[in-house]
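**Q** Take this structure, written in structure tokens, and hold onto it; I'll ask about it next.
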Amino acid sequence: MSAAVPRRVALVTLGCARNEVDSEELAGRLAADGWELVAEPADAEVALVNTCGFVESAKKDSIDTLLAAADLEGGRTVVAVGCLAERYGEVLAAELPEATVLGFDDYPEISQRLSDIVAGRPHVPHVPRDRRRLLPVSPVERSAATSAVPGHTQPDLPDAVGPASGPRAVRRRLDGGPVAPLKLASGCDRRCTFCAIPTFRGAFVSRRPSDVLAEARWLAEQGVRELFLVSENSTSYGKDLGDLRLLETLLPELASVEGVDRVRVSYLQPAEMRPSLVEVMASTPGVAPYFDLSFQHSSATVLRRMRRFGDTERFLELIATIRAAAPAAGIRSNVIVGFPGETEADIDELLGFLTAAQLDAIGVFGYSDEDGTEAAGLDGKLDQDEIRSRQRRVGGLAEELVAQRAEDRVGERVEVLVETSGADGAEGRAAHQAPEVDGSTTVVGGLPGVGRLVPAMVRSTVGADLVAELVSDRRSGAVA
């Protein structure tokens, strides 16, 4: 399309931080081709909805958002991208005629695709395929593959979209806050029986360290102070580049980027945690001692049916290793209850594990069948009332345990990255609190500016949230 005739597009992002990166890639491509980015679908000619297709509630939210955009007054073109669109393709298009459905392979040509749709030119709905089959089975052979991988750097865009030299980030920030997700890798090689993500996100592919560092520097120039490293499985980073310990090398380099105060890693697989990775994450200045460990359960029987490794004893040993290296480390996890074949004894074991683990944040999800997964065909299914009952039981204990863990931090000194500051006070997150999911910290005794990393003493708690008093620190300029 011609940049002389700009069109307005609003991007709506649902789901996880990985989707945020993908939306900002789409924004970068559209802005480079003359599209005007606006915040609200009501002000746009095109509403581009980056959907989530992970669990049933996320699918419903995505469809509701698409319908809401189509129902706005004035009429506009509604386009679905993201995981739901990639996963269901032409089926979604047939059942939701209000939206045009695009897949990941359309991302490199997103401007032309939207121009064609707006102009009424014919569009063939995306047909889903198992994206694991698009890449070689051997991880080390994947770097030469040419299939589209959302959120990975392309080196040939104008300087306005990325750094002045070196690889350019195909990205335009949609949120000006001091925290930004930075994609380490895409896809997953694990075969968990309950998870469909590998089929539509594909096999595991690491971004090259030079690309990650270049984008980190660009984000720092945009005012980002915390880099939130995301992927489907960060512990596998580097295995397709010939170095499974590449993350241990990369983290100190990211922490040394000028302007970056904190680096946080997410999506860690317990079975792939290495002593060297624990040590680097626990001891490197500028790297948050934060461990987002995907336990999913603690019963060995349930975990094997999930095609996962570990058990209560091994998980507690890992937690003990982390806390020996960094006593104040933040540790969070998600668990699934009601998995096919789960017994009351399995639930009791999970409750005992959570009590002993003393995690900072716990997400509790009730099992539901996912299309195309092995678990959907397993025997021993529980009825929904029983699953909801177990979810309430485990969730209630988890809420109590998380609140107690927060109370244990009273009197602890924390470093808070301020994200909002105004008449109502300042709020941010300590090192053990990730964006959106782990609570926040209210700072009292001063009003530090947004983007400042300030020292504070925890004085009280509200659930998982902390209230901390600003303390004197010459380095930061904070005052009591």
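**Q** When you go through (1) open to solvent by less than 20 Å² (accessible area, probe 1.4 Å); (2) closer than 20 Å to Ala220 by Cβ; (3) in contact with a Gly (Cβ under 8 Å, 6 or more places away or on another chain); (4) modelled with pLDDT of 90 or more one by one for Leu184, which number turns out not to apply?
**A** All conditions are met except number (3).
Quick grid of which residues meet (1) polar (S, T, N, Q); (2) not in a loop (DSSP other than H, G, I, E, B):
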| residue | (1), (2) |
| --- | --- |
| Ala434 | no, no |
| Pro448 | no, no |
| Pro455 | no, yes |
| Ser460 | yes, yes |
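**Q** For region 400-409, enumerate the residues that are open to solvent by 70 Å² or more (accessible area, probe 1.4 Å) and either assigned to a strand (DSSP E or B) or not acidic (Asp, Glu) (or both).
**A** First, pick out the residues of region 400-409 that are open to solvent by 70 Å² or more (accessible area, probe 1.4 Å): 400, 404, 407-408.
Listed by number, the list holds a single entry, Gln404.
**Q** If Arg307 satisfies every condition in (1) open to solvent by 40 Å² or more (accessible area, probe 1.4 Å); (2) farther than 30 Å from Leu84 by Cα; (3) touching a residue at least 60 places away in the same chain (Cβ under 8 Å) but one, which is the exception?
**A** Every condition holds for Arg307 apart from (2).
**Q** For region 219-234, which residues satisfy the criterion of being open to solvent by 10 Å² or more (accessible area, probe 1.4 Å), under 19 Å from Gly451 (Cβ atoms) and in contact with a helix residue (DSSP H, G or I) (Cβ under 9 Å, 6 or more places away or on another chain)?
**A** Result: Phe228, single match.
**Q** Which condition does Leu354 not pass, out of (1) in contact with a helix residue (DSSP H, G or I) (Cβ under 9 Å, 6 or more places away or on another chain); (2) modelled with pLDDT of 95 or more; (3) in a loop (DSSP other than H, G, I, E, B), if it passes all the others?
**A** Condition (3) is where Leu354 drops out.
**Q** I'm checking my understanding of the structure. Among residues of region 163-181 that are closer than 23 Å to Ala58 by Cβ and open to solvent by 30 Å² or more (accessible area, probe 1.4 Å), which one is modelled with the lowest pLDDT?
**A** Asp175
**Q** What's the total number of residues in region 428-449 that are modelled with pLDDT of 95 or more and surrounded by fewer than 21 Cβ atoms within 10 Å (Cβ to Cβ)?
**A** 2
**Q** Taking region 43-69 only, how many residues are under 13 Å from Ala10 (Cβ atoms), touching a strand residue (DSSP E or B) at 6+ places or on another chain (Cβ under 8 Å) and open to solvent by 10 Å² or more (accessible area, probe 1.4 Å)?
**A** Matching residues across region 43-69 total 3.
**Q** Any idea how many residues of region 205-214 are touching a residue at least 60 places away in the same chain (Cβ under 8 Å) and either open to solvent by less than 10 Å² (accessible area, probe 1.4 Å) or small (Gly, Ala, Ser) (or both)?
**A** 1
**Q** Next question, about the same structure. Give me a count of the residues in region 24-33 that are within 13 Å of Leu114 (Cα to Cα) and either in contact with a Ser or Thr (Cβ under 7 Å, 6 or more places away or on another chain) or charged (D, E, K, R) (or both). If you could, list the steps in order and put the result at the bottom.
**A** Step one: list which residues in region 24-33 are within 13 Å of Leu114 (Cα to Cα), which gives 26-27, 29-31, 33.
Within this subset, residues satisfying the condition of being either in contact with a Ser or Thr (Cβ under 7 Å, 6 or more places away or on another chain) or charged (D, E, K, R) (or both) are 29-30, 33.
Summing the residues that are within 13 Å of Leu114 (Cα to Cα) and either in contact with a Ser or Thr (Cβ under 7 Å, 6 or more places away or on another chain) or charged (D, E, K, R) (or both) in region 24-33 gives 3.
**Q** Pairs please, first residue from region 228-243 and under 11 Å from Arg18 (Cβ atoms) and modelled with pLDDT of 95 or more, second anywhere and among the basic types (Lys, Arg) and part of a helix (DSSP H, G or I), Cβ atoms under 6 Å, 6+ apart in sequence or on different chains.
**A** Val230/Arg18
**Q** Further, regarding this structure: Quick test of your reading of the structure: Glu98 fulfils all but one of (1) open to solvent by less than 10 Å² (accessible area, probe 1.4 Å); (2) in a loop (DSSP other than H, G, I, E, B); (3) of a type outside the set (Ser, Thr, Tyr). Name the failing condition by number.
**A** Going through (1) open to solvent by less than 10 Å² (accessible area, probe 1.4 Å); (2) in a loop (DSSP other than H, G, I, E, B); (3) of a type outside the set (Ser, Thr, Tyr) one by one, Glu98 breaks only (1).
**Q** Given the conditions (1) crowded, with 24+ Cβ neighbours inside 10 Å; (2) touching a residue at least 60 places away in the same chain (Cβ under 8 Å), which single one is not true for Arg29?
**A** With (1) crowded, with 24+ Cβ neighbours inside 10 Å; (2) touching a residue at least 60 places away in the same chain (Cβ under 8 Å) applied to Arg29, the lone miss is (1).
**Q** Could I ask something else about it? State the number of residues belonging to region 357-387 that are without any contact (Cβ under 8 Å) to a residue 60 or more places away in the chain, among the small types (Gly, Ala, Ser) and assigned to a helix (DSSP H, G or I).
**A** Qualifying residue count, region 357-387: 3.
**Q** If you take the residues in region 311-337 that are in contact with an Asp or Glu (Cβ under 7 Å, 6 or more places away or on another chain) and either charged (D, E, K, R) or not in a helix (DSSP H, G or I) (or both), which one is surrounded by the fewest Cβ atoms within 10 Å (Cβ to Cβ)?
**A** Of region 311-337, the ones in contact with an Asp or Glu (Cβ under 7 Å, 6 or more places away or on another chain) are 312, 325, 328, 330-332.
With either charged (D, E, K, R) or not in a helix (DSSP H, G or I) (or both) added as a condition, the list becomes 328, 330-332.
Working: Ala328: 16, Gly330: 24, Ile331: 24, Arg332: 23.
Top of the filtered list is Ala328.
The values are calculated or read from the model by the stated rules, or taken from the named source; none is laboratory data. Remember, it's a predicted structure, so these values are computed and weren't measured experimentally. When we count neighbours, we look across all protein chains shown, and the Cβ atoms used for this are built from the backbone with ideal geometry, even at glycine. Protein only, heavy atoms only, side chains kept; ligands, DNA and RNA dropped before computing areas. Shrake-Rupley method; radii C 1.70, N 1.55, O 1.52, S 1.80 Å.
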